[in-house]
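The values are calculated or read from the model by the stated rules, or taken from the named source; none is laboratory data. Note that the structure is predicted; figures quoted are calculated from it, not measured. What goes into the accessible areas is simple: the full protein's heavy atoms, side chains included, and nothing from ligands, DNA or RNA. Shrake-Rupley method; radii C 1.70, N 1.55, O 1.52, S 1.80 Å.
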Amino acid sequence: MRSKSEIREEVWRKIEKFSRFPPPKGRIPNFVGAEKACEKLRELEEYRKAKVVFVAPDSPLHRARQIVLEDRKTLVVPKPKFKGIVVVERKINPTISNMMKYGREVGVEELKKIGKVDVFVQGCVAVDLNGNRIGKGTGYGDQEYDFLRKNGLIENSLYVVVCHEIQVYKDFSHLAEEHDVKCDVILTPERILWTKEALRRGKLPHP
């Protein structure tokens with residue numbers, strides 16, 4: 001059976017011809033069409049109703065962060081290597097440097113005053129139709145979700161993964177570990193895919 005590392009290497013190799021700066025290897029790949037995939041957020045009813053949206057700081061999610069700010073929602077972003085949490089409530093170009101400059105770092109108590117995260121958005125190296133996600137191997141994505149969950153800041157929220165079609169696999173459930181968090185929806189430039197995890201949780205797509 002293939003390992004997570006083998007799947008990562010396969011994706012990094014296959015996506016190279018579709019990738020944009022920075023180079024994909026060792027990262028959550030940035031790819032041509034990432035903006036189109038992110039735009040599909042606005043097609044999700046849960047997103048349209050959301051007030052607080054968590055988006056990881058990875059390059060392919062830049063447009064997702066822009067959309068959240070354009071729609072006047074509160075953007076919650078982890079600092080690189082999960083060294084804190086930043087809240088952005090003004091319309092800026094949400095690069096990492098700008099978010100660190102114009103956002104404000106907050107602790108748990110202030111986050112609780114802002115409100116629970118309604119939608120949680122991550123990139124991936126690979127994801128399957130059951131909702132299993134493989135990151136770049138650092139574990140930050142799961143740590144971020146676990147931090148929010150343990151502090152009562154995320155509950156029955158929609159977990160969205162943005163990626164290229166090449167990154168979508170049918171099933172690698174055999175590689176899932178106990179701490180891995182499953183996603184509900186996969187957004188690619190071509191499709192919105194609701195996972196088996198979403199169906200298990202009763203999160204059905206809205207017409």
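For region 1-98, the share of alpha carbon pairs falling in successive 5 Å distance bins from zero is 2, 13, 20, 20, 18, 14, 9, 3, 1, 0 percent. A P(r) calculated from all alpha carbon pairs of region 112-207, with 10 Å bins opening at zero, reads 16, 51, 29, 4 percent. With Cα atoms as the point set, the radius of gyration and Dmax of region 52-172 evaluate to 13.9, 40 Å.
Solvent-accessible surface of the chain, averaged per residue with a 1.4 angstrom probe and all protein chains in place: 49 square angstrom.
Legend: distances between Cα atoms for 25/81; 36/101; 49/83; 79/101; 4/116; 14/136; pairs beyond 21 Å are 36/101; 49/83; 4/116. With contacts taken as Cα pairs under 8 Å at a separation of at least 6 residues, the chain carries a relative contact order of 21 percent.
Rounded to the nearest 500, the 222 nm mean residue ellipticity of the chain from helices alone is -7500 deg cm²/dmol, with -39,500 (n - 2.57) taken per DSSP H run of at least 4 residues. Maximal additional length on extending the residue 10-residue 173 stretch stands at 57.0 nm, based on 0.36 nm per residue less the C-alpha distance.
Per-residue 3J(HN,Hα) values for region 10-20, derived from phi via the Karplus relation 6.51 cos²θ - 1.76 cosθ + 1.60 with θ = phi - 60°, read 5, 5, 4, 6, 5, 8, 4, 6, 9, 8, 10 Hz in sequence order (x marks Gly and Pro). Put simply, the convex hull of the Cα atoms in the chain casts, on average, a shadow of 10.6 nm².
Both numbers refer to the Cα atoms of region 8-50; Rg and Dmax are 13.4, 38 Å.
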